[in-house]
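Here's the structure we're looking at; comments come further down.
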Amino acid sequence: MIALLHVFRRMLQGHRGVLMIGLALTIVVAAVGVALLAVAGWLVTGAAAAGLAAMAGATVFGPSLAVRLLALGRTAARYAERLVNHDVTLTFLANLRGQLLAALAASPLREIERLRGAQILNRLMADVDALDGVTLRLVMPAAAAFTGQVLAFGILWWLVSPAIALAVLAGFVVGAGVVLSIAVRRVRRTSAEEEQAAQTVRTGLIDLMRARTDLTIYGRMPGQVARLTHQVAERHAMRARIDRADRLVGAGLALTGSAVVALALAVTISLHSTGHLATATAAIGLFITVALFETIASLRRAATDFGRMALAAGRVMHLLRQDTTQHGSVMLPVGDLRVQTPLFDVGPGQSVSIIGRSGAGKSTMLYKIAGLIADPDRTIRIAGRPVEDWVEADLAQRLCLVPQRTTLTGATLRAALSLGLPNVADSDLEQVLSVVDMAEVAQTRGGLEMPLGAGGEALSGGQARRVALARALLRNPAILLLDEATEGVDSQTAAKILRNIRAYLPDTAIIMASHRAVETDFADTCVRLG
């Protein structure tokens, strides 16, 4: 519940004025609905009690006009309320998606590496979609129900009878409270599990489509399909339980409304029989009681979706609370950028190769130099200062890391290379392709418009790595960090690529995590870890 309140408070921070308008319209809809039924009931009952002669009198036209105006006003208020509340909710969710992506991008490297693209994307989409109910199905209906009950209590106390006012308020608060609390307690876990199951099904379907070739070759497709089918069936079973609970909540609220009307009717008859309540006034009380059912009926969806909304709100707020502040406060100098570590010292135009057994920390060293992993001892320095002292965004402009695992996004080779560089010239793209020995491959397969497929699946592992390397070279970094950059390429081609890189970036400091002789032979210095 606390996470849900935090989400709504976050929405208030940027859309307070519009939300207040939407809340006011929601309350107006509930109040006008109660007033409409009360006036209509009073008019009909009073006219019936006075006889047909009274219906021809001038006093009838005023209440009749009020009924018409209230009916038209309720329709207009309902339309405006839906328009305002849905608009502000969708605007907030659109902004929230950007904030979540920014928070993910600023997460620690190790945490990002553990994320699976399909899984995190499905989770974010589902969580954000679930949060539309915070405003539309929880906060606004609850505020309308509370306000409607309070206003009705005051009107009944003033116009009808304190006894009826107390009976109606107590009946609705106690009855609806019991029904909704039981529903939330029983359905909350199932609602959260159904949301988790839906995300599992989406992820499984994406994995099935991506791995369909390998699954078919190794004869595992039928088993994977059967597993996914079982997951779908489990999710449908959970959805069926939630739907049954939703119907039971509706029935419970309907019984609550009927019981309160019966209670109000009993009190009304008792007062009317003793002469303490006129017929028309008694009708006002009964019709207001009937109209109040709408205020609690609107909370039906909130009860069955509460678990789903609470789960989504908890995960979203956890992600948004993560520290996304950029470290450092000092801008990098424009001149020489020398990298100093306890093991080596490399400056412009120099290169060093880091070797060692698997797990010795070669990649970790590169990530520390790039500022992606904290260096608690502050022993790694750039231009004489610890990496943590430099502004992260400024460091990223002067330094480029090509990790072991690279991702190619974009439908074409041009799109993959120009990621983050929308104004790069075709001549520059063609030049870096030549540097990494990919120009001939690209020329035979469509040039810069060469299709890459999803995640670069149209390329071999070595070709994808070379495209990622070309993308890094386009940044003209002062410091280039390569984590086994020539993996998947034969030694002769690897040596050629390394020579081309040095010719293309003659003043760049190159630091490589290596395990191949061709890379250690290229480097000016070789250091060992472990």
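Read-outs: derived from the displayed coordinates by stated rules, not from any lab. A quick note: this is a predicted structure, and the numbers were derived from the prediction, not measured. Glycine gets a Cβ as well: all are built from the backbone with ideal geometry, and neighbour counts include every protein chain shown.
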Query - For L19, net neighbour charge (Lys/Arg +1, Asp/Glu -1) across residues whose Cβ lies under 13 Å away - result: +1
Query - Cα→Cβ-extended label distance, 7 Å offset, between S427 and R189, nm - result: 6.9
Query raised in the report: What FRET efficiency do you get for A211 and M317 if R0 is 35 Å and r is their Cβ-Cβ distance, rounded to the nearest 0.05?
Result: 0.55
Requested in this report: Give, as a single signed number, the net charge of other residues whose beta carbon lies under 14 Å from the beta carbon of T75, with Lys and Arg counted +1 and Asp and Glu -1.
Outcome: +3
Query raised in the report: If you take the beta carbon distance between L5 and N95 as r and set R0 to 30 Å, what does 1/(1 + (r/R0)^6) give as a FRET efficiency, to the nearest 0.05?
Result: 0.95
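Per DSSP helix of 4 or more residues, -39500 (n - 2.57); summed, then divided by the residues of the chain. What does that give at 222 nm, rounded to the nearest 500?
Details: 19 runs with 351 residues, N = 530.
Calculated from helices alone, the mean residue ellipticity at 222 nm is -22500 deg cm²/dmol.
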Query raised in the report: Each label point is 7 Å from the Cα along the Cα-to-Cβ direction; what then is the distance between the points at Y79 and F146, in nm?
Result: 3.1
Query - Top positive-direction residue, dipole computed over segment 243-402 with Cβ charges, set P342, A312, P376 - result: A312
Report summary line: Per the 1/(1 + (r/R0)^6) rule, R0 = 60 Å and r from the Cβ atoms of S270 and L69, FRET efficiency to 0.05 is 0.95
Query raised in the report: Dipole of segment 2-321 (Lys/Arg Cβ +1, Asp/Glu Cβ -1, origin at the Cα centre): which of V260, V150, G175 lies farthest to the positive side?
Result: G175
Query raised in the report: Helix 300-321 sits at what angle to the longest principal axis of the chain, using alpha carbons and giving 0 to 90 degrees rounded to 10?
Result: 30
Query raised in the report: Modelled label-to-label distance, S434 and Q196, 7 Å Cα→beta-carbon offset: nm?
Result: 5.7
**Report entry** Which label in (i) 1.43; (ii) 1.04; (iii) 0.93 gives the computed Cα Rg over 2.2 N^0.38 Å
**Finding:** (i)
Query raised in the report: Hey, quick one: spin label on A259, modelled 7 Å out along Cα-Cβ, who in segment 162-203 has an amide N within reach, i.e. under 14 Å?
Result: 168-183
Query raised in the report: Picking from P222, G455, A393, whose Cα lies most toward the positive end of the charge dipole for the chain (charges on Cβ: Lys, Arg +1; Asp, Glu -1)?
Result: P222
